[in-house]
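One structure is given below, encoded as structure tokens.
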Amino acid sequence: MQKGENIISIALAAVVLLAVIAVQRRWNPADLKDVANSAEDFILTTAGIGQVPEIAGYELLKTFRLGKYRAGLYRATPAPLIFAQGRLVVYDEANRPVFRLETLEGSKDSWSSLYDFSGHHGSPAQGGRSRSSYTRDLTGDGVTDIIIGQYSGGDHCCTAATILELGKDAVTPIGRIDGIDGMPFEGLEVRKLGKGATWQCIAHLPYVTSCGNHYDAADVLAVYVFTGGRFVDQTVNFEDFQEDVLRQNVAKWRQGKDRSMGLLQTIAVDFAVVGQKEAGKRFFALNLSQLMPSLQSNNVDPNVCLDALESLLDRVTGASP
């Protein structure tokens, strides 16, 4: 009898809690799922699970659960019209800060995030039921890692990714990738390109030339591998992967669905990084005429564009311009 009364009491308390939340949010039937999620968050918070400390002068934007660690993303308040100083702090089980990054956050939306390994390209899956997963053993050493993405706030550029190892006694940076295209994590893939326990980070780096603007930039790939205790650029060791990317991009060009300056420059770079720079230059020169209307509308001299492309190929292959 006592057990039954306890169950009824818990159920009544839950109903009251939902009713309070509903009133505060001016609840309507369409919000039932959101209300249930809010109730869960409220219960967990009041129970002390997932809390992070408050910081004077900052508002807490997000909390991330990272096993024995937690992270909080903060933004200075009051925030100005466009962006404000931010801060991402990782705490241990005793709420002691063990790692901190200064960030830049939008006044309306947060610009920094953690890579969601259960999401889509690092972002939480829209409408998905799976819980976000921000930790993964990227190096195969049995210790989990996280990837923090920080947007620079610049025009179409860029994101920096910081990779942290969540050790038993310390949080240690084991890699940083700068200049990744877009906001977190539009230009970063985490994949296994070969056999083994280790993962690779594939960064998409935009290279803008005088042939056009950011949207016309070449998409240059860089493959980062964990070696010597850090993630470092090892693109030269993944020629098979680069050749596969080249084949896919050439096939896309031949289909004619996306014959853009960006794709044309990207293909030229793809040829160069697999040791076929001259073939890349020829492909670019032979197909540039198809984009003459775009060059003319932007007042770009085709000869200047050709020179810019050659300089880009020298740059990505490490040759002197």
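A short reminder: the numbers here are calculations on the coordinates, not readings from a lab. The structure displayed is predicted, hence computed values, not measured ones. For neighbour counting, all protein chains shown are included, and Cβ atoms are generated from backbone atoms with ideal geometry for every residue, glycine included.
What does the charge count around residue 203 come to, taking other residues whose C-beta lies under 12 Å from its C-beta (Lys +1, Arg +1, Asp -1, Glu -1)? Result for the local shell: -4. Subtracting the Cα-Cα distance of residue 56 and residue 214 from 0.36 nm times their residue separation leaves 53.0 nm of extension gain. When you count the other C-beta atoms within 10 angstrom of each residue and take the mean per peptide, 291-300, 55-64 line up highest first as 55-64, 291-300. Note on residue 227 and residue 137: their simple-model spin labels are 2.3 nm apart, each label 7 Å out from Cα toward Cβ.
Taking Cβ atoms as reference points and 12 Å as the exclusive limit, the residues near residue 97 contribute a net charge of +3, counting Lys and Arg as +1 and Asp and Glu as -1. When only Cα pairs below 8 angstrom with a gap of at least 6 residues are kept, segment 192-321 shows a relative contact order of 24 percent. Neighbours of residue 76, meaning other residues whose beta-carbon lies under 12 angstrom from its beta-carbon, give a summed charge of -1 when Lys and Arg score +1 and Asp and Glu score -1.
Which whole-number percentage describes the relative contact order of segment 53-191, with Cα contacts under 8 Å and a sequence gap of 6 or more? This gives 16 percent for segment 53-191.
Take the Cα of residue 307, step 7 Å toward its Cβ, do the same at residue 207, and the gap between the two points is 1.8 nm. Say a paramagnetic label sat at a point 7 Å from the Cα of residue 314, along Cα to Cβ; which residues of segment 208-229 have their backbone N under 14 Å from it? No residue qualifies, since no backbone N sits under 14 Å from the label point. Rounded, prolate or oblate: which one fits segment 53-191, using the alpha carbon gyration tensor with axes a ≥ b ≥ c (rounded when a/c is under 1.5, else prolate when a/b beats b/c, else oblate)? Cα axes put segment 53-191 in the oblate bin.
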